[in-house]
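This report concerns only the one structure given below.
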């Protein structure tokens with residue numbers, strides 16, 4: 001990896017996030033140290049033999065690191081069947097399952113909605129399954145809360161002090177999100193060392209999943 005730019009994939013959520021994505025892309029690419037894969041900018045590796053879902057999930061496997069956004073908008077590929085996840089949701093799940101080096105941000109509206117629903121005794125996603133959000137302008141799908149809970153590892157029966165990879169940065173404005181992204185990715189040498197340290201672990205997980213698919 002010496003001398004090469006790190007491939008950073010930015011999650012595919014776009015709606016209502018366009019200006020922030022433009023700024024993130026500009027800032028990261030101007031450093032000359034990152035190759036930014038972003039569907040919004042058309043820089044994601046795309047192959048016509050694959051579906052949009054497949055292209056995005058393959059990019060998760062092949063990138064070096066993930067910059068993810070959990071916004072009030074669930075994202076493309078949305079389906080009323082709650083077992084069919086959006087592209088952005090699948091990207092997040094795969095990145096976490098592969099233990100990819102990742103930096104995740106969540107909008108304050110998602111965090112607040114989760115706290116409110118917990119107070120109203122809708123604590124688990126099964127409890128929220130039958131709630132309707134028609135005409136709602138704050139969140140367009142309660143599965144954004146499912147994404148947040150997966151990112152903070154709330155699904156794991158592990159004591160909080162023993163959890164790893166569960167840092168998710170809350171933001172209220174584009175400025176908040178940019179500050180976090182700049183603070184993290186400006187430490188290029190540390191990011192590079194982190195990616196290199198985790199590379200073998202990620203490759204082993206991918207190989208294990210591939211073998212499992214071959215047997216099924």
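Tabulated data for the structure shown
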{"read-out": "Principal axis dimensions, largest first and in whole angstrom, of the range 6-211 by Cα", "value": "47, 41, 39"}
{"read-out": "Kirkwood hydrodynamic radius of the range 18-106, from inverse mean 1/r over distinct Cα pairs, in Å", "value": "14.0 Å"}
{"read-out": "Residues 116, 67, sorted so that the one with the fewest Cβ neighbours within 10 Å comes first", "value": "116, 67"}
{"read-out": "Using a Förster distance of 25 Å, the FRET efficiency for residue 116-residue 158 (Cβ separation, nearest 0.05)", "value": "0.50"}
{"read-out": "Sorted by Cβ neighbour density within 10 Å, fewest at the top, the residues 57, 179, 20", "value": "179, 57, 20"}
{"read-out": "Label-zone membership for the range 2-38, site residue 199, 7 angstrom Cα→C-beta point, backbone N under 15 Å", "value": "2-8, 35"}
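Throughout, read-outs are computed from the coordinates displayed, never taken from laboratory work. In this text the structure is predicted, and so the values were computed from the model without any measurement. Using ideal geometry, Cβ is built from the backbone for each residue, glycine included, and neighbour counts are taken over all protein chains shown.
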